[in-house]
Amino acid sequence: MGQGKTVVRFAPSPTGHIHIGNARTALFNALYAIKRGGDFILRLDDTDRLRSTPEFAAAIEEDIAWLGIAPAKTVRQSDRFARYAEVVEALKASGRLYPAYETPDELDRKRARQRARGRPPVYDRSALKLTDEERAGFETEGRAPHWRFLLANHDGDPFEPRSTQVAWTDLCRGEQTVDLATVSDPVLIRADGTYLYTLPSVVDDLDMGVTDVIRGEDHVTNTGVQIDLVRALGGKAPAFGHHNLLTLASGEALSKRTGSLSIRALRAAGLEPQTVASLAVLIGTSHAVAPYADLASLAAEFDLSSVSRAPAKFDPEDLRRLNAKLLHDLPFSAVEGRLEGAGLDDLNAFWRAVHGNLDVFGDVEAWQAVVAGPVEPVIDRDGAEVLSAASDLLPPEPWDEATWSAWTSAIKERTGAKGRRLFMPLRQALTGRDQGPEMAGLLPLIGREKAACRLAGRAA
Ligand code: GLU
């Protein structure tokens, strides 16, 4: 049989900013599409018109792009209400969508009674027993119905549900089954006429030719119901993959309220998109967490079957460490454009000197300032002898990365100072700081003129 084009989708509700856990889902889908030459659809699940906003939708598009994902298209569920209404009519006509009038309180009481009798709290379908008069009575009372999907878990008598296994081979978890007899007929439309996510999602997946649905494992039970709905609509169910969820090391789940881990906040903190993407994908898998330069190289390495079953626990500090490692490994060619305008002669030498000392790229500014000056030298009286020898012995230019070692050897010979007593006064005078990149790389960038001033205690 011919295999059609892979189509995946990432389907956030634009009711908040996406966080690194949502990014994990988006990236799993994107990598899956890259690997198979497929399409990635960004689908904004904005049927909740009160909580969805165009600002959050725009922010999600921006965040996705920042991560390196290029959707083949972006669709909004709010543009598709006419299509959902059509499907609703078809389901009503086939008897698979029925009105129910119980209030939330009544449903609670029903469930409590079922539990008290040791039965699972599955909806008993009493609404199917209502006569036309009873329904009319509710309507005159001003009760609007909510609408439930009649699951195909019976042999003709919906009051005699039978064990009905819906099975699929999960892309992450292997063989999965959901018994439809253990699930209540899902509400597809609320009493106020708004859609819950199930129907629009299934209709969109079918209409848009989605071949693979990759999402968090909180959706496993939904999948049983959704496959049944796909069948009721005469469609072919996509493949499903349910990945473990990202949690904090404490076990706490991420939520849209965990604002510091929103993609926006991570970007504002100066992290590289590749860092966030590499961590979001690789944590909680059998792969080592390492920085990958782009999504194509992540896609080549990563496979959904490597996702573990246990939650993917992570410590936000891991992001900093991974970012430093990424910057450490980045060649000059990858950052050249971003360094331009730094006002330095030799950007390549500057990058070589400082990249091992950066946590975030923005840290380059501090080192540019150290190189370009003016720097207020820090002069410690205990270092006076070293500094005066250093001034005397300052070699003529041109300088290179070997200058530091030759110069400090000469100072050591003259003064007998070594180790910290030798190096700390020089670093403090030349950079105004106690710590930083290797001086061998910085010294030629600072240059003789400024170095001479700083050694003499003058800002330069
Ligand atoms: N809007 C749904 C969610 O964010 C989409 C779930 C799905 O991928 O089907 O949970």
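The values are calculated or read from the model by the stated rules, or taken from the named source; none is laboratory data. The structure presented is a predicted model; accordingly, all values stated were derived computationally and were not measured. Cβ coordinates were reconstructed from backbone atoms using ideal geometry, including for glycine residues, and neighbour counts include every protein chain displayed. What goes into the accessible areas is simple: the full protein's heavy atoms, side chains included, and nothing from ligands, DNA or RNA. Shrake-Rupley method; radii C 1.70, N 1.55, O 1.52, S 1.80 Å.
Before moving on, here are some points about what is shown:
- Any hit, the range 99-118, residues being surrounded by fewer than 14 Cβ atoms within 10 Å (Cβ to Cβ), more than 35 Å from the chain's Cα centre (by Cα) and at positive phi: yes
- Of the residues making up the range 130-151, those that are in contact (Cβ under 8 Å) with a residue 24 or more places away in the chain and either surrounded by 17 or more Cβ atoms within 10 Å (Cβ to Cβ) or assigned to a helix (DSSP H, G or I) (or both) are Leu130, Arg135, Phe138, Pro145, His146, Trp147, Arg148, Phe149, Leu150, Leu151.
- Here Val202 passes the criteria (1) free of Cβ contacts under 8 Å to residues at least 60 places away in the same chain; (2) surrounded by 14 or more Cβ atoms within 10 Å (Cβ to Cβ); (3) of a type in the set (A, V, I, L, M, F, W, C); (4) farther than 17 Å from Ser13 by Cβ except the one numbered (4).
- Inter-residue pairs, beta-carbon under 6 Å, first among the polar types (S, T, N, Q) and in the range 428-447, second open to solvent by 10 Å² or more (accessible area, probe 1.4 Å), 6+ apart: Gln428/Val378
- Neighbours by Cβ (under 8 Å, 6+ apart or cross-chain): first from the range 249-261, within 10 Å of Lys313 (Cβ to Cβ); second modelled with pLDDT of 75 or more: Ala249/Lys313; Ala249/Phe314; Ala249/Asp315; Gly251/Pro311; Gly251/Lys313
- For Arg43, the test of being surrounded by 18 or more Cβ atoms within 10 Å (Cβ to Cβ) and modelled with pLDDT of 95 or more is passed.
- Selection within the range 171-219: residues that are among the charged types (D, E, K, R) and away from the ligand (no atom under 14 Å from the Cβ). The member of this set that is farthest from Gly4 (Cα to Cα) is Asp192.
- For the range 7-32, the candidate set comprises residues that are assigned to a helix (DSSP H, G or I) and small (Gly, Ala, Ser); within that set, the residue that is farthest from Gln77 (Cα to Cα) is Gly21.
- Selection within the range 23-40 - open to solvent by less than 30 Å² (accessible area, probe 1.4 Å) and either within 17 Å of Ser278 (Cα to Cα) or near the ligand (Cβ under 10 Å from one of its atoms) (or both): Ala23, Arg24, Thr25, Ala26, Leu27, Phe28, Asn29, Ala30, Leu31, Tyr32, Ala33
- Whenever a residue of the range 205-224 is over 19 Å from Val307 (Cβ atoms), its partners that are among the aromatic types (Phe, Trp, Tyr) and more than 10 Å from the ligand (Cβ to nearest atom), lying with C-beta atoms within less than 9 angstrom and at least six residues away or across chains, give the pairs Gly224/Trp168.
- Within the range 175-224, being under 30 Å from the mean Cα position of the chain (by Cα) and acidic (Asp, Glu) holds for Glu175, Asp204, Asp205, Asp207, Asp212, Glu217, Asp218.
- Search result, residues across the range 42-59 that are within 11 Å of the ligand (Cβ to nearest atom) and either touching a residue at least 60 places away in the same chain (Cβ under 8 Å) or part of a helix (DSSP H, G or I) (or both): Arg43, Asp45, Thr47, Asp48
- Qualifying position, being under 21 Å from Leu322 (Cα atoms), modelled with pLDDT under 95 and not in a helix (DSSP H, G or I), among Ser250, Ser255, Ser260: Ser250
- Subset of the range 1-22 that is away from the ligand (no atom under 13 Å from the Cβ) and among the hydrophobic types (A, V, I, L, M, F, W, C) - its residue that is modelled with the lowest pLDDT: Met1
Here's the yes/no breakdown for (1) in contact with a Pro (Cβ under 9 Å, 6 or more places away or on another chain); (2) among the hydrophobic types (A, V, I, L, M, F, W, C):
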| site | (1), (2) |
| --- | --- |
| Leu319 | no, yes |
| Leu344 | no, yes |
| Asn348 | no, no |
| Asp380 | yes, no |
| Thr408 | no, no |
| Leu422 | no, yes |
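So that you can scan it fast, the table gives a plain yes or no per residue for (1) touching a residue at least 40 places away in the same chain (Cβ under 8 Å); (2) within 27 Å of Ala85 (Cβ to Cβ); (3) open to solvent by 10 Å² or more (accessible area, probe 1.4 Å); (4) among the polar types (S, T, N, Q):
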position	(1), (2), (3), (4)
Cys172	yes, no, yes, no
Val183	yes, yes, yes, no
Gln226	no, yes, no, yes
Leu229	yes, yes, no, no
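Rundown of residues vs (1) assigned to a helix (DSSP H, G or I); (2) open to solvent by 60 Å² or more (accessible area, probe 1.4 Å); (3) touching a residue at least 60 places away in the same chain (Cβ under 8 Å); (4) over 30 Å from Ala30 (Cα atoms), yes/no style:
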position	(1), (2), (3), (4)
His287	no, no, no, no
Lys313	no, yes, yes, no
Leu322	yes, no, no, no
Leu327	yes, no, no, no
Val354	yes, no, yes, yes
